[in-house]
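J.: If you scroll down you'll find the structure; I have some questions about it.
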Number of protein chains: 2
Amino acid sequence: MAGDTVIWVDGERASALPLPDRGLEFGDGLFETLLVRGAVPLFTQLHLARMQHGCRVLAFPPCDETLGEQLHRAAAYIGTRQWPFSALRITLTRGSGPRGYAPPREARPRIVISATRLGEASPGMAAPAMLCLANIRWPTQPALAGLKHLNRLEQVMAAREYRLAGADEAVMLDQQGRVVSVVAGNLFLSLDGRLLTAALDQCGIAGTRRDLVMRRWAPALGLEVVEGTLTLEQLEAADEAFFCNSLIGLRPVARFQQRSWTSHPVCEALYQQYQGDLS
Amino acid sequence: MAGDTVIWVDGERASALPLPDRGLEFGDGLFETLLVRGAVPLFTQLHLARMQHGCRVLAFPPCDETLGEQLHRAAAYIGTRQWPFSALRITLTRGSGPRGYAPPREARPRIVISATRLGEASPGMAAPAMLCLANIRWPTQPALAGLKHLNRLEQVMAAREYRLAGADEAVMLDQQGRVVSVVAGNLFLSLDGRLLTAALDQCGIAGTRRDLVMRRWAPALGLEVVEGTLTLEQLEAADEAFFCNSLIGLRPVARFQQRSWTSHPVCEALYQQYQGDLS
């Protein structure tokens, strides 16, 4: 695997993170996962905009220029490897600091970029997924909801649950038992001719592909998207369910507990929109 | 400062963390901060027991032996430096793994130990602290409440708040507005002859010194401790307030917003108990 992953720290090829680092110590940082086709990272602006928003919330100094530059150089290098598709993770931490929770007054953020070769050229939409229900729930935290920060223990535990259950993914609820998302993606329901997805004002991550579904791909199909409260009853009553993230695009749900779905016309139509944007 | 901090990774002196590491990627890990006097880490068993409990919750393989051994070696080295007191942080991560949230089936946890020289020999109880109220609140997460895991963004942001406010510490509330703790310590109120502290079933960290206050030091003084819901009204009505953590022991509160306290007999008596345990 080593040959199929390349890491840079602050723009230099590296295999280790200088210590101390507040990203390790406190999860004091943010990340993004981009799909790269050949040497081209896709939907870069959406990813960098989310990271910049996170920087403002966490009071990091702005670093869009440095980020953009290092991303560009990483992508150029990936191009030389001729990987058809890669996953590129950008991790931005608050860097080093003295002992203790308080961030240094003049933080010097550290950028870790990691690129991993994915499978062969685009295989099309992934096979419909089997979902279980995660026992662990999202934490309630309106101040950080939507951000892709480094505090992700709930998703780690939920991913462990679906692996143990032999499922492909897991539905995650909030503390009130409302449906929020899957572990690595946002969830949409097609119900009564509309798309429903969870409002992310208390927890969850506001995905770049969620944004594209809501603002571009669903409108292009004349589909209304409603952001609000989702219940397990609505999921079970849905005509169709699918989830989305940066690496898979969109993926239909085949089964959730006792409920199964055999056709996925809405997800397929949205996937066509997605593919159109890639070409 | 570099000369006054020493770092080991998996038992070897190091200045960097091998990548990838799930501690950095997801905050997938735990930590402990121990006070070391000379070459002797204090209350080691309480720290290691909390970490082992965390390992069970996060489904890490047990690693008490390795941890104890590396802690012992770090402490022996610190002894050679003749630092009167040191802060020793143990960070335990789930180590490396393939891309994605799901933990590897056979995780090989990584241990990072960092020792930092503290000030001169024990200065006695710290001066009473000025507290502000943090805007950021603890996240609601019963599944992880009490653990000292690596997802600590709320405390980072609250510490930034008290620094900006010119205070020494900040009171942190839960999502319902109940009093939980300060940023780096558990909070106790002395009210109507009893000690009150927050139950930590929804959020917060179950401190080792909190445990000692509740089970050893308060009982030794004939003081009853009640664990339950704390309100801001109770804090303002308290005869005395103090907080505790591993590095300071106990520290009285001089002021919180408009309320001030000028004498701290309960905290002083408990501090005597604490000092007695150190000698």
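J.: Just for the range A:86-107: of the residues that are under 23 Å from the mean Cα position of the chain (by Cα) and part of a loop (DSSP other than H, G, I, E, B), which one is nearest to B:GLY3 (Cα to Cα)?
T.: If we take residues in the range A:86-107 being under 23 Å from the mean Cα position of the chain (by Cα) and part of a loop (DSSP other than H, G, I, E, B), then A:GLY95 is nearest to B:GLY3 (Cα to Cα).
J.: From the residues in the range A:189-210 that are touching a residue at least 60 places away in the same chain (Cβ under 8 Å) and closer than 20 Å to A:ASP174 by Cβ, which one is surrounded by the fewest Cβ atoms within 10 Å (Cβ to Cβ)?
T.: Only one residue tops the list, namely A:ALA206.
J.: So, one more: Looking at (1) free of Cβ contacts under 8 Å to residues at least 12 places away in the same chain; (2) more than 15 Å from the chain's Cα centre (by Cα); (3) more than 20 Å from B:GLY11 (Cβ to Cβ), which one does B:LEU58 not meet, given that it meets all the others?
T.: (1)
J.: Which is surrounded by fewer than 22 Cβ atoms within 10 Å (Cβ to Cβ) and assigned by TED's automatic domain parsing to the domain that holds B:GLN257, of B:ASP174, B:ASP168?
T.: Result: B:ASP168 is the single residue among B:ASP174, B:ASP168 that is surrounded by fewer than 22 Cβ atoms within 10 Å (Cβ to Cβ) and assigned by TED's automatic domain parsing to the domain that holds B:GLN257.
J.: Kindly indicate whether any position in the range A:3-17 is farther than 14 Å from A:THR208 by Cα, without any contact (Cβ under 8 Å) to a residue 60 or more places away in the chain, in contact with a helix residue (DSSP H, G or I) (Cβ under 7 Å, 6 or more places away or on another chain) and not polar (S, T, N, Q).
T.: Scanning the range A:3-17, I find no residue that is farther than 14 Å from A:THR208 by Cα, without any contact (Cβ under 8 Å) to a residue 60 or more places away in the chain, in contact with a helix residue (DSSP H, G or I) (Cβ under 7 Å, 6 or more places away or on another chain) and not polar (S, T, N, Q), so the answer is no.
J.: Out of the residues in the range B:100-154 that are within 8 Å of another protein chain (Cβ to nearest Cβ) and among the aliphatic types (A, V, I, L, M), which is surrounded by the fewest Cβ atoms within 10 Å (Cβ to Cβ)?
T.: Looking at the filtered set, the residue picked out is B:ALA143.
J.: Look at B:THR229 and say whether it is assigned by TED's automatic domain parsing to the domain that holds B:GLY146, surrounded by fewer than 15 Cβ atoms within 10 Å (Cβ to Cβ) and in contact (Cβ under 8 Å) with a residue 40 or more places away in the chain.
T.: Taking the combined requirement at face value, the residue satisfies it.
J.: Is it the case that some residue within the range B:4-22 is more than 30 Å from B:GLN275 (Cβ to Cβ), within 14 Å of another protein chain (Cβ to nearest Cβ), among the hydroxyl-bearing types (Ser, Thr, Tyr) and not in a helix (DSSP H, G or I)?
T.: Looking through the range B:4-22, at least one residue is more than 30 Å from B:GLN275 (Cβ to Cβ), within 14 Å of another protein chain (Cβ to nearest Cβ), among the hydroxyl-bearing types (Ser, Thr, Tyr) and not in a helix (DSSP H, G or I).
J.: Of all residues in the range B:224-258, how many are out of contact with any Cys (no Cβ under 9 Å at 6 or more places or on another chain) and not in a strand (DSSP E or B)?
T.: Qualifying residue count, the range B:224-258: 15.
J.: Turning to a different aspect of this structure: Could you please find all residues in the range A:85-95 being within 10 Å of chain B (Cβ to nearest Cβ) and among the hydroxyl-bearing types (Ser, Thr, Tyr)?
T.: Across the range A:85-95, the qualifying residues are A:THR91, A:THR93.
J.: When you go through (1) among the β-branched types (Val, Ile, Thr); (2) part of a loop (DSSP other than H, G, I, E, B); (3) under 30 Å from B:ILE7 (Cα atoms) one by one for A:ILE136, which number turns out not to apply?
T.: (3)
J.: In the range B:175-196, what count of residues is obtained for those that are farther than 16 Å from B:ARG152 by Cα and within 14 Å of chain A (Cβ to nearest Cβ)?
T.: Final tally of qualifying residues: 3.
J.: What number of residues in the range A:25-42 are small (Gly, Ala, Ser) and within 12 Å of chain B (Cβ to nearest Cβ)? Don't jump to the end; show me each part of the working.
T.: Step one: filter the range A:25-42 for residues small (Gly, Ala, Ser), giving A:27, A:29, A:38-39.
After this cut, where a residue has to be within 12 Å of chain B (Cβ to nearest Cβ) as well, the list is A:27, A:29.
Of the residues in that region, 2 qualify.
J.: Right, here's the next one. Return only the number of the condition from (1) in the same structural domain as A:LEU30 (by TED's automatic domain parsing); (2) farther than 27 Å from A:SER279 by Cβ that A:SER86 does not satisfy.
T.: Only one criterion is unmet by A:SER86, namely (2).
J.: So A:LEU48 fits all but one of (1) within 11 Å of another protein chain (Cβ to nearest Cβ); (2) surrounded by fewer than 22 Cβ atoms within 10 Å (Cβ to Cβ); (3) more than 30 Å from B:VAL6 (Cβ to Cβ); what number is the exception?
T.: (1)
The values are calculated or read from the model by the stated rules, or taken from the named source; none is laboratory data. Remember, it's a predicted structure, so these values are computed and weren't measured experimentally. Note: ideal-geometry Cβ built from the backbone for every residue, glycine included; neighbour counts use all protein chains shown.
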